[in-house]
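Presented below is the structure to which this report refers.
The values are calculated or read from the model by the stated rules, or taken from the named source; none is laboratory data. Everything quoted here is computed from the prediction, not taken from an experiment. As a convention, Cβ positions derive from the backbone with ideal geometry for all residues, glycine included, and neighbour counts pool all protein chains shown.
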Amino acid sequence: MGVYLDHNATSPLRPAVRSALIEALDTLPGNPSSVHGPGRAARAALDNARERIARALGVAEGEILFTSGGTESNNLALRGLLSHATEAPQGPSLVTTATEHPSILRPAEHLAQSGHRVVIVPVDGHGLVNTADLLAAALPAEASADDAQAAEAQAADALPVDAQATGGQAPSAPARLISVCAAGGESAAVPDLPALGAALTALPPQDRPLFHTDATQALGRLPLALDEWGVDLASFSAHKFGGPRGVGILYRSPRAALKPQLLGGEQELGLRPGTENVASIVATAVAVELAIEEQESLARRATAHIALLLELLAQRIPAVRLTGPPAVFDQDGAHQTAHRAAHLPRRLPNTATLLIPGVEGRILATRLDLAGLEASAGSACASGSLEPSLALLAMGYSETDARAGLRLSTGWNTTEEDIHRAVDILWTTLAGRAARR
């Protein structure tokens, strides 16, 4: 059996989640919109799952919507809020960062092409965005005119070509929406959401942009406090934390007035028409509870595994470089580098995107798969692409380096033996490649 180190792409179904899924498939055949007995049973199970997920996330039951995945949740958050605007805002419609998932950057580009002003703020070489830069791009009152113009000039350089026409000017009014991922699935960078949220919630309501975070890679790996941080919209995907594929969650606070992107029935408060995937949603509730209950222990294990991985690589393949924020460990393998205010690690505990000189990540990932190690060449949503990693390019890496990324990501069923085997396979594969040259 191979070594699976691609949990950021999909984390295998957890046993308790699988049991809940099978039971729900067997016992809940009805449509939750039907009034007969099987329909009412399905509705009760759906409502119970929604309540359990809301309780686990520390939010209200009516603030949880179900979608088909993280991509749909992100699109509903951005386009559901912005695409139906009837008046051109004085400030930017959207402020986001250069290393977001394509399900954020593609809608951002589409919004820009539709006439919305979109500002994409650059990140540093570690993939981290400066909170002050985000505020300068979104809030003219937070910085001097010169500082705001400088921040937006930098942001314009990072915009997609089709979006640059709507950026590059200092905002004259607050942005409508700020969207920042809770953790980069490729860079492993963790922005300071508590600081951003604190700055936003301190503003008068009329001057406060809405705050969205793509938390797809964060649930179960990092502590989350949506209400405390002032988050208005948050996206999740069940298969990233041991749940079934095809289920997404969108948290929506009362401040965020969305419009549906699909037209049909009145499911999910009229915001997401279509019969709900009841069995998978029931199983997702189990996955959410497990991910949050076990977050601290799973993060400790993941940190120890990544520390071991980097130690072994340094011994056997010293030319390997780690991207993202620096990984500094104590004797127990815990991250030492953290945001001071909230003690959040600056990088995902389970993720290492590596650069190996002279090796293209996509080709290496294919060879590793044949040798028994499953990994990704960057983000799974783009790993089949021939293009260089947009995240690594945004972090300042050359096009050659941006093609060389190999992402290893651990999960709930990773063992120490898996790490040793992974390094053995990687070393053997690289040695074999060198022998053939």
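In region 218-254, how many are among the hydroxyl-bearing types (Ser, Thr, Tyr) and over 20 Å from Ala189 (Cα atoms)? Working first, answer last.
Taking region 218-254 as the starting set, the residues that turn out to be among the hydroxyl-bearing types (Ser, Thr, Tyr) are 235, 237, 251, 253.
Filter again for over 20 Å from Ala189 (Cα atoms), leaving 251, 253.
Of the residues in that region, 2 qualify.
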Check on Ser93, under 23 Å from the mean Cα position of the chain (by Cα) and closer than 29 Å to Ala9 by Cβ: no
Members of region 273-327 found to be under 19 Å from Phe236 (Cβ atoms) and in contact with a Pro (Cβ under 7 Å, 6 or more places away or on another chain), listed by number: Glu276, Val278, Ser280, Ala283, Thr284, Gln295, Ala299, Ala302
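In this structure, is Leu386 at pLDDT below 95, over 30 Å from Leu193 (Cβ atoms) and of a type outside the set (Asp, Glu)?
On the way: at pLDDT below 95: yes; over 30 Å from Leu193 (Cβ atoms): yes; of a type outside the set (Asp, Glu): yes.
When the stated conditions are applied, Leu386 passes them.
From Pro102, Pro107, grab the single residue that is assigned by TED's automatic domain parsing to the domain that holds Glu186 and either of a type in the set (S, T, N, Q) or surrounded by 21 or more Cβ atoms within 10 Å (Cβ to Cβ) (or both). Give the steps one after another, and end with the answer.
Working: Pro102 fails: either of a type in the set (S, T, N, Q) or surrounded by 21 or more Cβ atoms within 10 Å (Cβ to Cβ) (or both).
The unique qualifying residue is Pro107.
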Given (1) at pLDDT below 95; (2) surrounded by 15 or more Cβ atoms within 10 Å (Cβ to Cβ); (3) assigned to a helix (DSSP H, G or I), index of the condition Gln261 fails: (3)
Leu25 being in contact (Cβ under 8 Å) with a residue 12 or more places away in the chain, at negative phi and crowded, with 21+ Cβ neighbours inside 10 Å: no
Some residue of region 275-287 being surrounded by fewer than 20 Cβ atoms within 10 Å (Cβ to Cβ) and more than 26 Å from Leu224 (Cα to Cα): yes
Checking His343 against (1) more than 19 Å from Thr410 (Cα to Cα); (2) part of a loop (DSSP other than H, G, I, E, B); (3) at pLDDT 55 or above, the condition it does not meet: (3)
Qualifying residue in region 240-251 (condition: surrounded by 16 or more Cβ atoms within 10 Å (Cβ to Cβ) and part of a helix (DSSP H, G or I)): yes
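Of all residues in region 166-180, count the ones that are in a loop (DSSP other than H, G, I, E, B), in contact with a strand residue (DSSP E or B) (Cβ under 7 Å, 6 or more places away or on another chain) and modelled with pLDDT under 95.
So in region 166-180, the residues in a loop (DSSP other than H, G, I, E, B) come out as 167-176, 180.
Those still in the list that are in contact with a strand residue (DSSP E or B) (Cβ under 7 Å, 6 or more places away or on another chain) too: 167, 175-176, 180.
Now narrow it down to the ones that are modelled with pLDDT under 95: 167.
So the count comes out to 1.
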Any chance Ala183 is modelled with pLDDT of 95 or more, of a type in the set (Gly, Ala, Ser), assigned to a loop (DSSP other than H, G, I, E, B) and under 15 Å from the mean Cα position of the chain (by Cα): yes
Residues being of a type in the set (S, T, N, Q), in contact with a helix residue (DSSP H, G or I) (Cβ under 8 Å, 6 or more places away or on another chain) and farther than 14 Å from Arg347 by Cα - total across region 192-230: 2
Selection from region 35-61 of residues that are touching a residue at least 12 places away in the same chain (Cβ under 8 Å), surrounded by 14 or more Cβ atoms within 10 Å (Cβ to Cβ) and not in a helix (DSSP H, G or I): Val59
Qualifying position, being modelled with pLDDT under 55 and in a helix (DSSP H, G or I), among Ala151, Ala132: Ala151
Condition check for Ser68: touching a Leu at 6+ places or on another chain (Cβ under 6 Å), assigned by TED's automatic domain parsing to the domain that holds Ala287 and in contact (Cβ under 8 Å) with a residue 12 or more places away in the chain: no
